Each structure stands twice: as structure tokens, then as C-alpha cells.
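Accompanying notes for the structure given below.
The values are calculated or read from the model by the stated rules, or taken from the named source; none is laboratory data. These numbers were taken from a predicted model, which means no experiment stands behind them. Because the Cβ atoms are built from the backbone with ideal geometry, glycine has one as well, and the counts that use them run over all protein chains shown. The accessibility values were calculated without ligands, DNA or RNA, using every heavy atom of the protein model including side chains. Shrake-Rupley method; radii C 1.70, N 1.55, O 1.52, S 1.80 Å.
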2 protein chains.
Amino acid sequence: MQGSMEYRMLTYGRLAEDFEAHVKSSYPEILITKATSKSEIKSILPDVNAIAGFNFLTDEDVSGIKWIHAFGAGVDSYLKLESLDPNTTITRTTGDLGKQMGEFCLTYILAEIRSIFTTYENQKIATWKQIPARSLADLNVLILGTGSIGQGIAQQLNGLVNKIIGLNRSGTSAAQFHDTYNWDSISQIQDIHVVISALPSTTETSSILDTAFFKLFNAVIFINVGRGDAVDENVLIEAINSGHVNNAILDVFPEEPLPKESNLWTNDRVLISPHQSGLTTIDDVTSCFKLAFNAMKRDERNNLFVDQEKGY
Amino acid sequence: MQGSMEYRMLTYGRLAEDFEAHVKSSYPEILITKATSKSEIKSILPDVNAIAGFNFLTDEDVSGIKWIHAFGAGVDSYLKLESLDPNTTITRTTGDLGKQMGEFCLTYILAEIRSIFTTYENQKIATWKQIPARSLADLNVLILGTGSIGQGIAQQLNGLVNKIIGLNRSGTSAAQFHDTYNWDSISQIQDIHVVISALPSTTETSSILDTAFFKLFNAVIFINVGRGDAVDENVLIEAINSGHVNNAILDVFPEEPLPKESNLWTNDRVLISPHQSGLTTIDDVTSCFKLAFNAMKRDERNNLFVDQEKGY
């Protein structure tokens with residue numbers, strides 16, 4: 001039973017200092033060490049059986065790791081590690097990320113339907129030009145992924161937009177959604193004005209938003225707050241050029257930071273946001289850590305526990 | 001009794017063509033004529049007893065006019081006419097302007113707390129730089145004016161922000177506001193993050209937002225969707241320079257279009273919006289016209305009827 005295990009934990013990256021202090025004061029039973037470089041990670045790793053942090057940026061051997069607590073909602077950087085033990089417990093931080101991402105989506109939907117970047121550019125040339133706005137209340141929104149993040153986004157948009165449709169693997173209904181579909185019935189979804197991807201990165205979701213997917217829509221606002229590998233850059237640019245997507249707001253990319261040479265930077269239908277739609281705070285990390293650790297001690301599971309096979 | 005009066009009506013400006021067609025088909029008892037220039041207004045005016053349109057842009061004699069139906073919510077351009085008969089009935093168009101203006105305020109509040117213009121500029125130089133966002137749910141909003149426009153704005157923000165405070169002449173409570181104050185008790189209002197002016201233009205509100213007013217606040221987002229003469233340009237710039245106002249979003253100005261030589265165009269803390277927070281549609285005009293005309297026929301009054309002394 002893992003709950004009775006003694007944990008020697010390595011933490012690293014953003015929030016590591018605050019997290020280390022928190023664990024030292026609140027969980028004396030956990031022996032925590034902070035690494036400040038890749039070489040420190042390498043030297044400390046053989047002596048620990050647990051790690052905690054954002055993306056794991058080295059390919060060191062993690063076969064001896066029994067518990068990983070991710071500081072973010074996405075755990076793909078861990079799941080990609082070849083040495084990962086299938087029995088390793090992975091827990092994650094969701095916090096109010098869904099709410100934050102919902103505010104992010106609301107911000108950019110409003111920015112688009114009110115053309116505020118055009119008005120902003122007009123100001124630079126002292127040009128007075130009225131642009132009619134579309135109303136938020138007329139929009140139908142499709143959210144890809146109906147888990148905690150997708151539901152958080154839907155909750156923020158509920159009551160403001162006309163209709164919120166969810167898409168998930170099973171088509172089972174989910175809180176906050178007026179209706180849900182599965183991927184096989186996607187062609188039945190009609191009159192969508194905004195498509196939001198909250199998909200995690202798994203083997204199934206890689207490049208899932210393909211040309212055929214975008215052809216289902218007409219001049220939609222496309223927002224990606226999930227993971228960048230759900231859509232290939234060239235597929236998206238083609239969808240923009242052919243009018244299926246009117247504007248894209250991208251917060252995530254296959255490679256981050258987005259490489260300088262990417263054509264997305266200069267596409268005037270694309271807004272680049274540097275993975276900031278939901279920024280995990282130390283409070284998010286510590287409260288999810290507490291929920292995860294307490295569940296482990298009781299040998300229970302909750303929605304913070306990742307299914308390695310599903311990938312989220 | 002005005003309801004039994006036979007109206008000969010002049011219409012002009014934006015929406016005049018649609019309005020003329022609507023009146024001809026729906027109100028055969030009203031004889032309507034459309035003017036397409038100031039000289040046509042001048043030549044037709046002596047033969048009519050009613051006018052309908054946006055701002056009245058000439059200073060012709062209107063002493064014979066018994067009814068004015070304004071296409072917008074602001075009627076100051078009519079009230080300023082020296083020849084206006086104090087007994088002239090003035091009705092106006094509110095439609096869903098409050099709702100639209102609420103969406104406008106929501107758009108720019110979110111744009112500010114998520115620094116989207118900074119991210120937009122960073123994209124131009126291919127720069128990946130995360131900026132933490134403030135949360136909408138933490139903000140306290142003060143709305144100046146609690147009439148139909150102020151209430152419409154409050155309704156859009158309700159449930160999204162922390163608290164909505166209203167300010168009006170009497171301090172009497174109003175729908176959608178958590179609390180209301182009058183101008184004498186304004187110094188009691190604390191912890192405000194956003195100030196929205198929905199004030200009409202009257203002799204009382206002219207330059208009412210003075211240096212002493214802005215000193216009550218610290219680094220607020222200031223939004224003006226009321227009338228531009230509520231605040232002098234130099235007073236606002238001083239409030240920005242002294243930190244009482246962090247950013248200003250201005251949709252209205254003392255002179256519109258805003259003159260090219262205004263220092264506001266180039267102030268990097270000021271966003272200029274060309275009086276587009278709420279754009280009246282022909283449906284807004286005709287539905288308010290119907291409500292106003294029906295009330296007049298029954299010798300009744302409703303909230304579309306302007307009190308000439310109050311100025312709104």
C-alpha cells in the first residue's frame with residue numbers, strides 16, 4: 001500500500017521553492033529536495049522515489065519513481081518518458097485552471113466579436129471608424145473535451161453565450177453542457193461559431209484536429225487551450241486560408257516556446273498567447289497536493305489521479 | 001392631448017431611410033419626410049411638428065416641434081437647442097444598449113486584466129513572455145449612473161465580478177447593484193478596481209469627474225460609455241499620470257469624432273473607441289418608437305420619456 005510508503009521527493013522548476021517550503025512545514029514525513037538545474041536533477045534523482053513539478057525536461061531514468069505530482073493539468077511530458085513504470089502513481093494540479101481558461105476564452109471571444117485589435121490599430125493612425133459588434137448571446141460554442149478543464153470553461157461561458165456543446169470520447173452528457181456528442185457523431189453538430197479545444201495530449205489526440213475536422217465549420221473562432229499537438233500548424237493555416245476558421249487564438253503549441261521561425265507569429269488571423277490561459281499558482285499546487293496525498297494515504301483515488309493508459 | 005395630434009415628421013442621418021420605410025408601412029397616420037442634408041433639414045423643418053434621428057446637427061429653429069424621437073439614448077444635442085419648447089415631448093431609444101455597453105465594458109475589463117494588447121505587441125516581435133492575469137471575480141466595479149444604461153451594464157457584469165456599486169443623485173437602491181451611493185457619500189466607497197461612467201450629458205454632469213473625484217481611487221480601470229463631457233481631457237491625463245487611473249477606455253468624447261490633435265490618441269494608457277460601445281439598430285429604434293408612440297396615444301408616459309429638466 002503506497003499510503004504507508006516513506007517519500008523522498010524531488011521538486012524543480014517554477015514554484016519549486018514555495019512548494020519545498022510548504023512540504024517542509026506541512027508534511028514532515030516527506031523528505032523533499034529542490035533541484036535548480038538539470039545536473040542537480042540528475043544527481044538527486046537516484047536517491048528519491050517521488051517527483052513534483054511542471055514538465056519534466058530531461059530524459060533521465062525515472063523507473064524508481066513511485067509517485068509523480070504534476071504542478072499543471074497536463075501530464076504528457078511524464079507519460080512520454082520511456083523509463084516510466086506503468087504502476088507509478090501520477091497526480092496532477094487542476095485548481096481553478098478551468099475557470100481561468102474560461103476567462104481566457106471569454107476574453108478572446110469578446111475581443112474578436114468586438115474587433116478590438118482593429119480599433120487598437122486604428123487608434124495608432126488616429127482613425128475614427130465604427131465597427132459593428134456581434135453579440136455574445138448569439139454564439140454557439142463547441143468545447144472539445146468535457147473533463148474538469150472543459151467543464152470549467154463551459155461554466156464561465158454559461159449564461160453568456162447561446163449554447164455550449166461538448167465533445168468527448170463517449171458522447172456521455174457532462175455538467176455545464178447543453179448537449180454532448182462523440183467523435184463519430186461530430187458531423188451532426190451544426191451552427192457553431194466558436195470551437196475551443198481543451199484536449200489533453202495523448203496518442204489519440206495527436207493531430208486529431210485535421211482538415212476533415214475543420215471542414216465541418218464555417219468561419220469559426222478557433223481557440224486552443226488544450227495541448228498544441230492536437231493540430232498541425234499547416235492544417236490550421238490551410239483551414240484559415242479556406243475560410244473554415246476565421247481567427248485562431250493559440251495558447252499552446254507542439255513546441256514551446258513557439259520557435260521564432262514558425263509562420264504562426266506573422267499570420268494576421270492568428271493570435272499567439274504564450275501558454276498563459278491558466279497559470280497554476282502555488283495555492284493550486286498545494287491544495288491539489290493535499291487532496292492527492294490524503295487520498296493516497298487512505299488508498300483511495302480521486303479525479304486528480306491520472307490513468308496512464310488514457311493519458312489524463 | 002398630444003395623442004390625438006397629427007404628426008408631420010422629419011427624419012435624418014443614419015437609419016433614416018429604414019425608419020422612413022418603417023413609418024410609412026406601419027404608421028400611415030404619420031406623414032414622414034426624410035432629409036439627406038442640412039439644407040434639406042432647413043427647408044423641411046418649418047413644415048413639420050416632429051423630428052426623429054440621432055444627434056441634431058444644426059441650430060435651426062425647433063420651436064414648432066412638439067415631439068422628438070431620438071434614435072439614441074443620449075438626448076443632449078436636442079436639449080442644447082435654444083429654441084426648444086420646454087413642453088416638447090422627447091422620447092428616446094434605449095433598446096438593448098445597456099446590454100451592448102455591458103459587453104463592451106466586459107470586453108475591455110478582460111482585455112486589461114489579461115494584458116492582451118501587450119501580448120499582441122509581443123507577437124509582432126515574436127516574443128514569448130507570460131504575463132499573469134488578474135481574475136475578474138476579484139474586481140469591484142463602480143458604475144456612475146443607475147438608469148437603464150447603468151443597470152444594463154451591471155446586469156452583464158453581475159455574477160462575473162465580485163461587487164457592483166452604483167452611484168446616482170439620490171443614493172436610492174437600483175436593480176442589479178449590490179449597493180448604491182449618492183455623490184455626497186462618494187468618499188465612503190472603497191476598494192474599487194473599475195469605474196464605469198454611464199452618465200448622460202446634463203448641466204450637472206459636465207466636467208463632474210474632476211481631479212478630486214479621481215483622487216478617490218488607486219490605479220483603477222476607467223471606462224467612459226456615457227458622454228464625453230463628464231471628464232476634461234487634461235483632468236483625465238493628470239489622473240493617469242498621478243496613478244489614480246491605470247488605464248482609460250474612452251468610447252465618448254466632448255467632440256466627436258475625436259479631433260486628430262487630441263493628446264488622447266497617442267497616450268499609451270488610453271484606448272480610443274469611436275463611440276461604438278452600443279450601436280443602435282433599426283430594430284431598437286422601431287421598437288422604442290412603438291412603445292413611445294403607443295404611450296403618447298394613451299396620454300401615458302414610460303421610461304423612454306425624457307425629463308427636460310433632469311436632462312435624461
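If one takes the longest principal axis of the Cα atoms in chain B, at what angle in degrees, from 0 to 90 and to the nearest 10, does the Cα axis of helix B:148-157 lie?
40 degrees
Distances from A:ARG134 to the same residue in each other copy, label points 7 Å out along Cα→Cβ, in nm, shortest first?
The answer, with the shortest distance listed first, is 3.0 nm.
If you take each beta carbon of peptide A:253-260 and count the beta carbons of other chains within 10 angstrom, what is the mean? Before the final figure, lay out each step's value.
Numbers: counts 1, 0, 0, 1, 5, 3, 2, 4.
Partner-chain Cβ atoms within 10 Å, mean over residues of A:253-260: 2.
Distance from the Cα centre of region B:243-312 to that of region B:146-168, in angstrom?
The two parts, judged by their Cα centres, are 17 Å apart.
How much of the pair distance distribution for region B:205-295 lies past 18 Å, counting alpha-carbon pairs only, in percent?
Value for region B:205-295: 50 percent of Cα pairs lie more than 18 Å apart.
Which ³J(HN,Hα) values, rounded to whole Hz and listed in residue order, are derived for region A:182-188 from phi using the Karplus coefficients 6.51, -1.76 and 1.60 in 6.51 cos²θ - 1.76 cosθ + 1.60 with θ = phi - 60°, glycine and proline given as x?
Couplings: 9, 5, 6, 9, 4, 5, 7 Hz.
Quick one: which residues, 5 or more positions from B:TYR181 or on another chain, have an amide H under 5 Å from its amide H? H modelled 1.01 Å from N in the peptide plane, none for Pro or chain starts.
The list, which skips near neighbours in sequence, is B:GLY166, B:LEU167, B:ASN168.
In a Debye calculation with equal point scatterers on the alpha-carbon sites of region B:97-272 and no solvent, what is log10 I(q)/I(0) at q = 0.09 Å⁻¹?
-0.30
For the protein assembly as shown, build the charge dipole from Cβ charges (+1 Lys, Arg; -1 Asp, Glu) around the Cα centre, then report which of A:LEU10, B:ILE164, A:PHE217 sits farthest towards its positive end.
Highest projection toward the positive end goes to B:ILE164.
When the convex hull of the C-alpha atoms of the protein assembly as shown is computed, what volume per residue in Å³ does it have?
So the per-residue Cα hull volume is 183 Å³.
Averaging sequence separations of C-alpha pairs under 8 Å and six or more residues apart, then dividing by the length of region A:97-272, give the relative contact order as a whole percent.
About 17 percent, as a whole number.
Put a label point 7 Å from Cα along the Cβ direction on B:SER83, then list its distances to the equivalent points in the other copies in nm, shortest first.
9.1
Taking the alpha carbon gyration tensor of chain A, what are the square roots of 5 times its eigenvalues, largest first, to the nearest whole Å?
Equivalent ellipsoid semi-axes, largest first: 38, 21, 18 Å.
Share of the protein assembly as shown's accessible area from carbon and sulfur, percent, 1.4 Å? The partial results should precede the final answer.
Details: 12530 of 27210 Å².
Carbon-and-sulfur percentage of accessible area, whole number: 46.
Okay, helix-only estimate at 222 nm for the protein assembly as shown: each DSSP H run of n ≥ 4 adds -39500 (n - 2.57), divide by all residues, round to 500 deg cm²/dmol; what do you get?
-8000 deg cm²/dmol
Please give every one of the lysines within straight-line cross-link reach of A:LYS66, meaning a C-alpha to C-alpha distance under 26 Å, and leave out same-chain neighbours fewer than 8 residues apart.
List returned: A:LYS24, A:LYS34, A:LYS38, A:LYS42, A:LYS80, A:LYS290, A:LYS297, A:LYS310.
Contact order normalised by length for region A:77-200, with contacts defined as Cα pairs under 8 Å and 6 or more residues apart; what percent is it?
Answer for region A:77-200 is 25 percent.
Given Cα pairs under 8 Å that are at least 6 residues apart, what percent is the relative contact order of chain A? Please list the in-between numbers first.
Details: 579 pairs, mean separation 52.7, N = 312.
Relative contact order comes out at 17 percent.
Taking chain B as the reference, fit the longest principal axis to its C-alpha atoms, fit the long axis of helix B:97-113 to the helix C-alpha atoms, and give the angle between the two in degrees, 0 to 90, nearest 10.
Once rounded, one gets 20 degrees.
In whole Å, what is the distance between the alpha-carbon centres of region A:169-193 and region B:8-64?
51 Å
How big is the dipole moment of the protein assembly as shown about its Cα centre under a simple scheme where the beta carbon of each Lys and Arg is +1, that of each Asp and Glu is -1, and everything else is neutral? Debye, nearest 20, please. Each step should come with its number before you reach the end.
Numbers: 50 positive and 76 negative charges, 111 e Å.
Here the protein assembly as shown has a charge dipole of around 540 debye.
7 Å along Cα→Cβ for the label point: how many nanometres lie between A:THR118 and each equivalent label in the other copies, listed shortest first?
2.7
Please list, in order along region A:72-78, the HN-Hα scalar couplings obtained from phi with the Karplus expression 6.51 cos²θ - 1.76 cosθ + 1.60 (θ = phi - 60°), rounded to whole Hz, x for Gly and Pro.
Residue by residue, region A:72-78 yields x, 8, x, 10, 4, 5, 7 Hz.
Net charge near B:SER273: determine it from the other residues with C-beta under 10 Å of the C-beta of B:SER273, scoring Lys and Arg +1 and Asp and Glu -1.
Taking every Cβ under 10 Å from that of B:SER273, the sum is 0.
Averaging over all projection directions, find the projected area of the Cα convex hull of region B:109-148 and quote it in nm² with one decimal place.
Value for region B:109-148: 4.1 nm².
Taking beta carbons within 10 Å but only from partner chains, what does the mean come to for residues B:123-133?
Counting Cβ atoms of other protein chains within 10 Å of each residue's Cβ and averaging gives 6.
Is the shape of region B:13-76 best called rounded, prolate or oblate, per the rule: a/c under 1.5 gives rounded, else a/b larger than b/c gives prolate, else oblate, with a ≥ b ≥ c the square roots of the Cα gyration tensor eigenvalues?
Note, shape of region B:13-76 comes out rounded.
7 Å from Cα along Cα→Cβ at both B:ASP61 and A:LYS290: what's the point-to-point distance in nm?
Going from the B:ASP61 label point to the A:LYS290 one covers 7.9 nm.
Give a quick list of GluC sites (Glu not before Pro) in region A:1-104 that DSSP marks as loop, anything other than H, G, I, E or B, with at most 11 other Cβ atoms within 10 Å.
A:GLU6, A:GLU29, A:GLU82
Along the charge dipole of region A:97-272, which of A:GLY147, A:MET101, A:ILE186 sits closest to the positive end, that is, farthest toward it, with unit charges on the beta carbon of Lys, Arg, Asp and Glu (+1, +1, -1, -1)?
Highest projection toward the positive end goes to A:MET101.
In terms of the Cα gyration tensor, with a ≥ b ≥ c the square roots of its eigenvalues, is region B:143-230 rounded because a/c is under 1.5, prolate because a/b exceeds b/c, or oblate? Numbers along the way, then the final one.
Working: a/c = 1.39, a/b = 1.18, b/c = 1.17.
In terms of gyration-tensor shape, rounded.
Along the charge dipole of chain B, Cβ charges K/R +1 and D/E -1, which of B:SER39, B:LEU79, B:ALA133 sits furthest on the positive end?
B:ALA133
Which whole number in µm²/s is D for region B:1-159 by Stokes-Einstein, with the Kirkwood Rh taken over Cα pairs at 25 °C and 0.890 mPa s?
Stokes-Einstein gives a translational diffusion coefficient of 129 µm²/s.
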